[in-house]
Amino acid sequence: MRWETTRNFKQAAWKALMLVSALITCSILVFMIGYVLGQGVKGLSIDFLTTKPSYLTEHIGILPDILNTVYILVVAIAVLLPLGVGAAVYLSEYAKNDKVVRVIDYAADILSGIPSIIYGLVGMLFFCQFLRMETSLLAGALTLVIMNLPTLMRTTRESLLSVAKGLREGGYGLGASKWRVVRSIVIPECLDGMITGCILSAGRILGESAALLFTAGFAHTLHGFFDGITNAGATLTVALYVYAKEQGEFQVAFSIAVILMLLAVIVNMSAEIVKAVFKRKKEG
Amino acid sequence: MSKTIDKVMQGFFLLCGLITVGCVCLITFYLIISGIPAVREIGLGKFLFGKVWASTAKEPLYGIMPFILTSVYGTVGAIMIGVPIGFFTAVYLAKFAPGWIKKSVGFVVSLLASIPSVVYGLVGMLVLVPAVRELFQIADGATLFAAMIVLAVMILPSIINVSVTALDAVPKKYEQGALALGATECETCFRVSVPAAKSGIIASVVLGIGRAVGEAMAVMMVSGNVANMPKLFGSVRFLTTAVASEMSYASGLQKQALFSIALVLFVFIMVINFVLRKVTLGGDGAK
Amino acid sequence: MMKRKILTAVMAVSMAVSCLTGCGSSGGAKGTVTTDGSTSMEKVIGALGESFMERNQGINFSYNPTGSGSGISAVANGTCDIGLSSRNLKEEEKADGLQETVLAIDGIAVIVNKSNEVADLSLEQIAGIYTGEITNWSELGGSDGEIVVIGRESGSGTRDGFESITGTEDACVLRQELTSTGDVIATVKSNENAIGYASLASVDDAVLTLSVGGVLPSSETVLDGSYAIQRPFVLVTKEGKELSAAAKAFFDYALSEEAKEVIEGAGVVPAN
């Protein structure tokens with residue numbers, strides 16, 4: 001009987017611990033989100049989103065930062081996509097040597113563990129100084145490509161693993177060349193992995209600041225695409241940092257934070273949706 | 001014709017595959033090249049174990065012991081606060097929570113993971129720092145302690161996500177077996193499921209350590225950023241923040257010394273990575 | 001079939017873009033002025049750049065607020081046209097062939113929390129606080145409370161200016177070493193025992209600006225030198241290297257009569 005009591009007591013204690021922890025986690029979540037929304041929502045307006053800042057009139061608008069974010073996303077994903085998918089295809093279709101696969105895998109692991117501040121430094125040394133790109137969105141985007149390579153590689157590879165062997169063998173059986181099989185059978189089948197990887201990378205790019213500060217700079221000038229990528233510019237997250245730190249404009253910073261959180265929701269949801277859609281397709 | 005294309009494409013894919021390796025080499029190469037000169041000039045012992053950092057003084061001193069210790073203490077503190085909370089939350093979510101709670105909390109946790117670190121810093125600076133000051137009756141709240149809490153919150157998502165995935169992957173029959181033998185829910189969970197998911201859970205902790213060591217922007221805003229030897233309620237500077245805060249102004253030997261700090265940070269991360277790989281591969285081997 | 005074609009197209013386009021962007025590294029295109037440097041000069045340079053662009057359609061002006069040190073090295077490396085420094089150049093920098101042109105003078109305001117009763121400090125008292133000799137506000141006639149000393153990171157032009165005038169170089173005992181003007185103001189605003197310093201142009205009503213030796217900082221007192229803690233805003237160029245036409249136009253505009261009003265509007269005092 002005593003033993004049963006301690007047993008019940010233990011059971012209750014474990015449960016309490018778990019509930020308390022879950023409660024702490026949830027209250028942190030709710031507090032963070034609530035606080036940012038509470039501080040930031042009132043600063044949002046069409047005007048805020050669609051104008052550029054002016055020092056003369058002390059007006060603040062974040063259109064240039066929004067555009068910079070779009071530019072950097074476009075460039076980074078455009079470079080990242082072929083490289084990441086290529087790496088994944090190589091690993092699953094071409095690589096015959098187990099050692100090579102392991103080395104590449106290990107390298108990807110290392111890359112995903114490196115802190116963004118180190119990416120920022122190396123990006124500055126290599127892209128900005130060595131390749132003479134100066135501080136520009138392009139240098140920032142390329143730094144982000146290296147950062148996100150492992151993500152895209154991994155998601156693409158996972159979906160490649162699920163491609164049925166028979167499909168490929170059928171292709172070869174018909175006398176198709178390797179590239180033909182890869183192009184017409186393998187790559188279309190890993191579309192979901194590619195998209196998920198891109199979405200996840202986009203999410204990480206949206207939230208990045210340390211790697212961009214030293215590579216893409218933090219100007220708020222309005223540019224077209226081609227001027228934009230060769231000039232310094234702040235993405236939304238960097239702009240948030242600059243407005244909060246250099247100018248003490250916390251209101252603006254929180255408003256940007258609200259936008260970023262909204263984008264994060266969209267990113268997360270679309271990743272879920274992509275997963276669900278393709279799962280249904282593959283099963284059906 | 002098609003053969004040439006085949007060859008070209010094979011080359012392209014090989015190149016892509018090797019790019020990750022190339023990037024790692026590039027990063028290592030640059031960090032070593034730019035990090036070694038200062039260490040040579042200052043002396044490895046003096047650099048690593050010197051207790052005073054006064055980079056712009058007339059007779060500059062470049063000792064990074066305070067940063068190393070702060071990074072270690074800060075990370076340990078964050079792990080001590082964050083891991084229990086994250087672990088128990090993960091167990092609750094994976095094994096006990098009703099489906100809708102698991103789904104919605106899971107969603108919000110991944111949202112938490114995608115909030116830029118600057119925002120954590122901002123909220124920490126405006127809410128946590130004054131709160132720490134009031135609560136502990138100290139002159140200023142920007143302390144190692146505040147940084148630990150911010151880091152603990154920031155590593156929560158990765159700990160929870162990875163642990164939940166590991167716990168979900170435990171085969172159902174293990175648990176059913178334990179339950180059939182008369183074990184309670186909790187006993188099953190902590191004696192069977194958790195040990196079975198051990199490698200995943202350890203991996204989540206190592207991942208959290210990596211995050212905490214590498215975080216720069218958020219801790220910079222809450223830790224006071226003075227190069228003191230670490231004290232729980234004192235102002236401190238981390239390895240990462242040492243690089244971030246002086247980089248934009250630095251020149252000459254000071255700048256080189258900052259690259260050396262980055263190199264030290266890189267070595268830390270490589271060690272953590274190595275451990276992480278050992279842990280996860282070991283786990284796979286056991287299955 | 002359709003899916004495949006779209007996919008190939010997407011891949012082709014993205015590869016093409018990656019090639020394009022890979023080759024398209026920039027080399028200071030025509031009609032742009034790039035400036036790089038001091039964060040304290042953000043307001044004045046931002047305002048000047050904006051009014052300059054209004055007057056010269058087609059010239060693109062960019063400013064990268066990275067800090068005096070990196071602004072100076074950017075000019076030296078040739079990665080920007082004009083460097084911005086909120087301190088005078090050091091001898092070794094001049095020896096490297098850099099040239100300084102004082103654009104304006106900025107007062108460094110000493111700020112405390114609004115609830116603080118102290119309104120005036122002498123330079124010696126400020127030095128005493130920053131070197132750790134004076135640790136409590138009650139020693140200065142305020143209410144009892146440990147002074148929370150806030151400074152800037154080493155290398156900051158504001159810190160350079162502040163420490164050289166108060167004579168506290170290498171001797172400061174700080175509680176917080178913050179990396180930007182905004183941080184300093186926010187921290188002083190939230191901590192009633194804090195003291196900090198920041199560019200006069202950036203200080204607003206959220207904090208209390210102290211008078212130093214009985215003189216409150218203002219454009220008059222900064223210009224006639226009676227407010228002691230001040231530093232120059234400097235345009236840095238490379239000696240012997242011809243500025244591009246656009247950069248020259250901006251350089252001349254910044255020092256012209258027209259620009260004075262803009263500079264004053266940004267809260268600092270034109271130098272000439």
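Observations on the structure shown:
- When the inverse distances between all different Cα atoms of the protein assembly as shown are averaged and flipped, the Kirkwood radius reads 28.5 angstrom.
- Computed in the context of the full set of protein chains, the accessible area of chain B at 1.4 Å probe radius has 69% of its extent on carbon or sulfur.
- In the context of the full protein assembly, C:Glu54 retains an accessible surface of approximately 120 Å², using a probe radius of 1.4 Å and ignoring ligands and nucleic acids.
- For A:Lys10, the lysines whose Cα comes closer than 19 Å to its Cα, not counting residues fewer than 8 places off in the same chain, are B:Lys95.
- Ratio of Rg to Rh for the stretch A:165-211: 1.29 [Cα atoms; Kirkwood radius as inverse mean 1/r over pairs].
- Binned Cα-Cα distance frequencies in the stretch A:67-234 - 5 Å width, integer %: 1, 9, 17, 18, 17, 13, 10, 8, 5, 3, 1, 0
- Rg over Rh [alpha-carbon atoms, Kirkwood Rh] for chain C: 1.11
- Among complete DSSP H helices in chain B, those whose alpha-carbon atoms stretch at least 27 Å along the helix's long axis and whose mean Kyte-Doolittle hydropathy reaches 0.0 are B:2-42, B:65-91, B:144-168, B:252-286.
- At 1.002 mPa s and 20 °C, Stokes diffusion of the stretch C:169-272 via Kirkwood alpha-carbon radius, µm² per second: 130 µm²/s
- For chain B, diffusion coefficient by Stokes-Einstein and Kirkwood Rh (Cα), 10 °C, 1.306 mPa s, µm²/s: 74 µm²/s
- Solvent-accessible surface (1.4 Å probe) assigned to B:Phe238 amounts to roughly 10 Å².
- With contacts taken as Cα pairs under 8 Å at a separation of at least 6 residues, chain A carries a relative contact order of 26 percent.
- The simple Förster model, with R0 at 35 Å and r as the Cβ-Cβ distance, assigns B:Ile101 and A:Tyr106 a FRET efficiency of 0.40.
- Spatially proximal lysines relative to C:Lys114 (Cα-Cα < 17 Å; intrachain offsets below 8 disregarded): C:Lys189
- 3J(HN,Hα) along the stretch C:117-125: 8, 6, 10, 9, 9, 8, 4, 5, 4 Hz, from the Karplus curve 6.51 cos²θ - 1.76 cosθ + 1.60 with θ = phi - 60°, whole Hz, x for Gly and Pro.
- Amide H within-cut-off set for B:Ala54, under 5 Å, with H built and near neighbours excluded: B:Leu61, B:Tyr62, B:Gly63
- Prolate/oblate/rounded label for the stretch B:31-74 (Cα gyration tensor, a/c 1.5): oblate
- Computed over the stretch C:199-272, relative contact order equals 34 percent, with contacts defined as Cα pairs under 8 Å that lie 6+ residues apart.
- Semi-axes of the equivalent ellipsoid for chain A, Cα gyration tensor, largest first, Å: 37, 33, 18
- When the alpha-carbon atoms of the stretch B:58-163 are used, the pair Rg, Dmax equals 17.0, 64 angstrom.
- Listed pairs A:Lys165/B:Lys173; A:Lys99/B:Lys7; A:Lys15/B:Lys102; A:Lys281/B:Lys102; C:Lys43/C:Lys248 exceeding 19 Å between Cα atoms: A:Lys165/B:Lys173; A:Lys99/B:Lys7; A:Lys281/B:Lys102; C:Lys43/C:Lys248
- The stretch A:14-153 - Kirkwood radius from inverse mean 1/r over Cα pairs (Å): 19.2 Å
- Heavy atoms of A:Ile229 accessible to a 1.4 Å probe, total area in Å² rounded to 10: 10 Å²
- Think of the stretch B:64-286 as a dipole: +1 on every Lys or Arg Cβ, -1 on every Asp or Glu Cβ, centred on the Cα centre; then among B:Val236, B:Val164, B:Leu179, B:Leu179 lies furthest on the positive end.
- For C:Leu98, distant residues with modelled amide H under 5 Å away: C:Glu239
- Rounded, prolate or oblate (a/c below 1.5 giving rounded, otherwise prolate when a/b exceeds b/c) for the stretch C:107-230 by Cα gyration tensor: rounded
- With eigenvalues of the C-alpha gyration tensor scaled by 5 and rooted, the stretch A:45-122, Å: 42, 15, 8
- Residues of type lysines that B:Lys51 reaches as a straight line, Cα spacing below 26 Å, ignoring anything fewer than 8 places off in the same chain: B:Lys231, B:Lys255
- Rounded tilt (10° steps) of C:245-254 against the dominant C-alpha axis of chain C: 20 degrees
- Kyte-Doolittle at least 0.0, axis length at least 15 Å by Cα - qualifying DSSP helices, chain A: A:2-40, A:63-89, A:98-113, A:137-161, A:191-207, A:250-283
- Computed [θ] at 222 nm, deg cm²/dmol, the protein assembly as shown (DSSP H ≥ 4; -39,500 (n - 2.57); rounded to nearest 500): -20000 deg cm²/dmol
- Alpha-carbon Debye profile of the stretch A:127-169, log10 I(q)/I(0) at 0.19 Å⁻¹: -0.65
- Among the residues of C:169-178, the average count of other protein chain beta-carbon atoms within 10 Å of the residue beta-carbon is 6.
- For the stretch B:19-59, the set of trypsin sites (Lys or Arg not before Pro) satisfying both a DSSP loop assignment and a count of at most 16 other C-beta atoms within 10 Å is given as B:Lys51, B:Lys58.
- Burial ranking of peptide ranges C:147-156, B:81-90, B:194-203, C:94-103 (average Cβ count within 10 Å, highest at the top): C:147-156, B:81-90, B:194-203, C:94-103
- The spread of Cα positions in the stretch B:2-46, taken along each principal axis and listed from longest to shortest, comes to 62, 11, 8 Å.
- For the stretch B:134-222, diffusion coefficient by Stokes-Einstein and Kirkwood Rh (Cα), 10 °C, 1.306 mPa s, µm²/s: 103 µm²/s
- The mean number of partner chain beta-carbon atoms within 10 angstrom of a residue's beta-carbon across peptide C:63-74 is 6.
- Neighbouring partner chain Cβ atoms per residue of B:87-95, average, 10 Å criterion: 5
- Listed peptides C:33-43, B:133-143, A:147-157 appear in the order C:33-43, A:147-157, B:133-143 once ranked by packing, highest mean of other Cβ atoms within 10 Å at the front.
- Protein-only accessible surface at a 1.4 angstrom probe places the residues B:Lys3, B:Lys102 in the order B:Lys3, B:Lys102, largest first.
- FRET E, pair B:Phe49, A:Gln251, Förster distance 35 Å, beta-carbon r, rounded to 0.05: 0.20
- Here the spin labels are modelled as points 7 Å beyond Cα on the Cα-Cβ line, and at A:Ser54 and A:Leu174 they lie 6.3 nm apart.
- Most mobile of B:Leu14, B:Leu239, B:Leu48 in a GNM of chain B (Cα contacts under 10 Å): B:Leu14
- Largest GNM mean-square fluctuation among A:Leu240, A:Leu161, A:Leu222, using chain A with Cα springs under 10 Å: A:Leu161.
- Shape of the stretch A:177-284, Cα gyration tensor, a/c cut at 1.5: oblate
The values are calculated or read from the model by the stated rules, or taken from the named source; none is laboratory data. Source: prediction; values computed, not measured. Glycine also receives a Cβ, built like all others from the backbone with ideal geometry; neighbour counts cover every protein chain displayed. Calculation scope for accessible area: heavy atoms of the full protein, side chains included, ligands and nucleic acids excluded. Shrake-Rupley method; radii C 1.70, N 1.55, O 1.52, S 1.80 Å.
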